[in-house]
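Trainee: Okay, here's the structure, questions in a sec.
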Amino acid sequence: MTRVLVVDDEEAMVDAMAEGLTARGFEVATVTSADAAFSMLAEGGEVDVLVTDLDMRGMSGVDLCERVVENRPDVPVVVVTAFGSMETAVATLRAGAFDFLTKPFDIDQLAISIERAVQHRQLREEVKRLRRAVEESKKFEELVGGSEAMKEVHGFIDRVAETDATVLITGETGTGKELAARAIHRRSRRHERPMVAVNCAAVPANLLESELFGHVRGAFTDARADRKGLFVQANGGTLFLDELGEMPLEMQVKLLRALEARTVRPVGGHEEVPFDVRLVAATHKDLLASVEEGAFREDLYYRVAVVELAMPPLRARGADILLLAQAFLEQFAAQHGKPVKAITAPVAERLLTYAWPGNVRELRNSMERAVALARFEDVVVEDLPKQVREYSPSHVLIAATDPSELVSLAEVERRYVERVMQAVGGNKRQAAQILGLDRTTLYRKLDRWAQPAKA
């Protein structure tokens with residue numbers, strides 16, 4: 001129940017407001033002087049909203065408002081007055097009042113103003129809580145989040161960083177695999193040496209060998225000078241191979257040899273160059289499934305997957321979504337010079353409901369868009385991308401009594417398998433484990449459902 005403190009030096013007005021607000025479900029306390037109201041608040045009185053008259057004997061409503069804003073900024077102030085000039089309204093708002101009403105007013109109008117003030121207060125408190133949580137979570141590198149899933153990630157990184165074990169980081173696109181790799185490096189004994197990163201999917205296959213191992217002058221047309229490869233550049237530090245699952249098979253053979261020999265041979269060269277690096281790799285693919293399909297070498301898989309870290313998808317991280325949204329909001333508000341401070345409750349609801357197929361990267365882009373479009377201090381639903389605004393979660397089954405809405409057992413199976421595949425981000429091995437199927441059976445079902453229906 002919302003607790004309202006009403007102050008007016010006219011007892012009849014105090015009683016009228018108290019009666020009307022009580023009838024509308026508010027818990028109301030009354031005083032007849034600004035001094036008494038301030039004393040109650042200064043002593044820690046539990047009040048959600050202060051409603052004060054402007055023109056009172058002794059301390060005025062403006063003075064009371066200023067003192068409350070300074071000493072109890074958690075309590076919003078609604079000012080009511082019989083003197084409704086523009087100058088008066090500006091003075092009260094400058095003093096920090098949340099709202100300004102002119103007598104005579106409808107009690108419903110006052111109730112609406114109080115409810116809005118309470119929502120504003122709750123939003124400010126939530127922003128403070130989120131900011132504290134963001135700062136707390138930032139203590140663990142750049143991996144913002146306090147969910148159980150992220151606590152497990154933090155603990156894993158702490159344990160594995162102390163070693164030189166090769167780490168394979170798995171997870172859907174946009175889950176923060178590179179951030180995890182950098183956290184491992186920064187917490188390792190190699191942190192004073194470089195961490196060198198390369199995206200195996202972004203380098204053309206014919207250039208990847210030169211990128212990793214280097215080349216000597218004249219090795220190919222544009223090789224005008226000797227060049228050290230990334231293995232040598234990262235010597236003493238960490239080499240991060242992102243999207244390892246995209247590496248061509250012929251390059252996988254050479255990578256495996258380099259990892260086992262701890263030497264590389266530059267393209268066009270004849271001498272082996274030793275290196276000392278810790279390897280961290282990442283992929284969004286199911287590498288074991290790729291091994292079965294012949295797209296990834298089994299011996300290389302076991303060489304790089306000494307320790308495996310699975311980054312959780314954003315939809316599995318609960319309230320971390322709001323922590324990240326607040327962190328991105330503050331980042332982009334500062335970057336774009338906009339006075340945007342918080343998200344509204346309806347926005348929070350949309351963010352928590354949406355499935356986030358693009359994970360943290362999609363949330364980041366969505367918040368940058370929202371800040372860019374925001375017209376107020378708070379991000380509203382209209383500022384969100386259309387797919388987030390209009391998202392409605394899918395349901396495998398509908399609790400229906402109408403026979404026309406019920407579906408066949410085969411359709412139930414198809415919908416459930418699709419739902420599991422969505423939940424695990426397309427990881428067929430994990431989906432097969434959840435469904436209790438062998439992967440061959442799952443692949444066959446997926447292939448069958450992917451075929452267009454025959455006429």
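Trainee: Is at least one residue of segment 304-313 closer than 30 Å to ALA219 by Cα and assigned to a helix (DSSP H, G or I)?
Mentor: Yes: segment 304-313 contains one or more residues that are closer than 30 Å to ALA219 by Cα and assigned to a helix (DSSP H, G or I).
Trainee: Right, another one. Which ones in segment 222-260 are assigned to a helix (DSSP H, G or I), more than 17 Å from VAL167 (Cα to Cα) and touching an Asp or Glu at 6+ places or on another chain (Cβ under 7 Å)?
Mentor: LEU230, MET251, LYS254
The rows are residues; the columns are (1) among the hydrophobic types (A, V, I, L, M, F, W, C); (2) assigned to a helix (DSSP H, G or I); (3) surrounded by 14 or more Cβ atoms within 10 Å (Cβ to Cβ); (4) at pLDDT below 85.
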site: ARG361; (1), (2), (3), (4): no, yes, yes, no
site: THR401; (1), (2), (3), (4): no, no, no, yes
site: ARG429; (1), (2), (3), (4): no, yes, yes, yes
site: LEU437; (1), (2), (3), (4): yes, no, yes, no
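Trainee: Which numbered condition in (1) among the β-branched types (Val, Ile, Thr); (2) touching a residue at least 12 places away in the same chain (Cβ under 8 Å); (3) open to solvent by less than 50 Å² (accessible area, probe 1.4 Å) is the only one that VAL203 fails?
Mentor: It fails just one condition, (2).
Trainee: Here's a follow-up. Which ones in segment 284-295 are part of a loop (DSSP other than H, G, I, E, B) and farther than 30 Å from ARG364 by Cβ?
Mentor: Start the filter on segment 284-295 by keeping residues that are part of a loop (DSSP other than H, G, I, E, B), which leaves 284-286, 294-295.
Scanning segment 284-295 gives GLY294, ALA295.
Trainee: Against the definition (under 26 Å from the mean Cα position of the chain (by Cα), within 18 Å of ALA133 (Cα to Cα) and of a type in the set (D, E, K, R)), how does LYS285 come out, yes or no? Give the steps one after another, and end with the answer.
Mentor: Details: under 26 Å from the mean Cα position of the chain (by Cα): yes; within 18 Å of ALA133 (Cα to Cα): no; of a type in the set (D, E, K, R): yes.
No.
Trainee: If you don't mind, there's one more thing I want to ask. Hey, could you check segment 290-331 for residues that are closer than 24 Å to ARG182 by Cβ and of a type in the set (Asp, Glu) and say which is least open to solvent (accessible area, probe 1.4 Å)?
Mentor: It comes out as ASP320.
Trainee: Scan segment 208-217 and give yes if some residue there is farther than 30 Å from PHE328 by Cα, open to solvent by 10 Å² or more (accessible area, probe 1.4 Å), assigned to a loop (DSSP other than H, G, I, E, B) and at pLDDT below 90, otherwise no.
Mentor: Checked against the condition, which is being farther than 30 Å from PHE328 by Cα, open to solvent by 10 Å² or more (accessible area, probe 1.4 Å), assigned to a loop (DSSP other than H, G, I, E, B) and at pLDDT below 90, segment 208-217 yields at least one hit.
Trainee: Is it true that SER113 is touching an Asp or Glu at 6+ places or on another chain (Cβ under 6 Å), hydroxyl-bearing (Ser, Thr, Tyr) and outside any loop (DSSP other than H, G, I, E, B)?
Mentor: For SER113, the condition - touching an Asp or Glu at 6+ places or on another chain (Cβ under 6 Å), hydroxyl-bearing (Ser, Thr, Tyr) and outside any loop (DSSP other than H, G, I, E, B) - is met.
Trainee: How many of the residues making up segment 105-122 are open to solvent by 30 Å² or more (accessible area, probe 1.4 Å) and either closer than 27 Å to GLN326 by Cα or among the charged types (D, E, K, R) (or both)?
Mentor: Quick first cut of segment 105-122, residues open to solvent by 30 Å² or more (accessible area, probe 1.4 Å) only: 105-109, 112, 115-116, 119-122.
Narrowing further to those that are either closer than 27 Å to GLN326 by Cα or among the charged types (D, E, K, R) (or both): 106, 108, 115-116, 119-122.
Number satisfying all stated conditions: 8.
Trainee: Follow-up question, since we're still on this one. Since HIS270 meets every condition but one in (1) without any contact (Cβ under 8 Å) to a residue 40 or more places away in the chain; (2) in a helix (DSSP H, G or I), which condition does it not meet?
Mentor: (2)
Trainee: Kindly provide the set of residues from segment 12-70 that are out of contact with any strand residue (DSSP E or B) (no Cβ under 7 Å at 6 or more places or on another chain), of a type in the set (D, E, K, R) and closer than 22 Å to MET1 by Cα, ordered by number.
Mentor: Selection gives ASP15, GLU19, ARG24, GLU43.
Trainee: Inside segment 67-104, can you point out the residues that are open to solvent by 50 Å² or more (accessible area, probe 1.4 Å), in contact with a Phe, Trp or Tyr (Cβ under 9 Å, 6 or more places away or on another chain) and either assigned to a strand (DSSP E or B) or closer than 20 Å to MET13 by Cα (or both)?
Mentor: If the condition is that a residue be open to solvent by 50 Å² or more (accessible area, probe 1.4 Å), in contact with a Phe, Trp or Tyr (Cβ under 9 Å, 6 or more places away or on another chain) and either assigned to a strand (DSSP E or B) or closer than 20 Å to MET13 by Cα (or both), then THR102 is the only one that fits.
Trainee: Another question, if that's okay. Assuming VAL134 fulfils every condition listed in (1) of a type in the set (A, V, I, L, M, F, W, C); (2) surrounded by fewer than 18 Cβ atoms within 10 Å (Cβ to Cβ); (3) closer than 25 Å to GLU330 by Cα; (4) touching a residue at least 60 places away in the same chain (Cβ under 8 Å) apart from one, which condition is it?
Mentor: So the condition that VAL134 fails would be (2).
Trainee: Return the total of residues in segment 33-66 being modelled with pLDDT of 90 or more, surrounded by fewer than 23 Cβ atoms within 10 Å (Cβ to Cβ) and among the β-branched types (Val, Ile, Thr).
Mentor: Residues that pass the stated criteria total 1.
The values are calculated or read from the model by the stated rules, or taken from the named source; none is laboratory data. Fair warning: this is a prediction, and the values are worked out from it, not measured in the lab. Cβ atoms come from the backbone with ideal geometry, glycine included; neighbour counts cover every protein chain shown. Please note that ligands, DNA and RNA were not included when accessible areas were found on the heavy atoms of the full protein model with its side chains. Shrake-Rupley method; radii C 1.70, N 1.55, O 1.52, S 1.80 Å.
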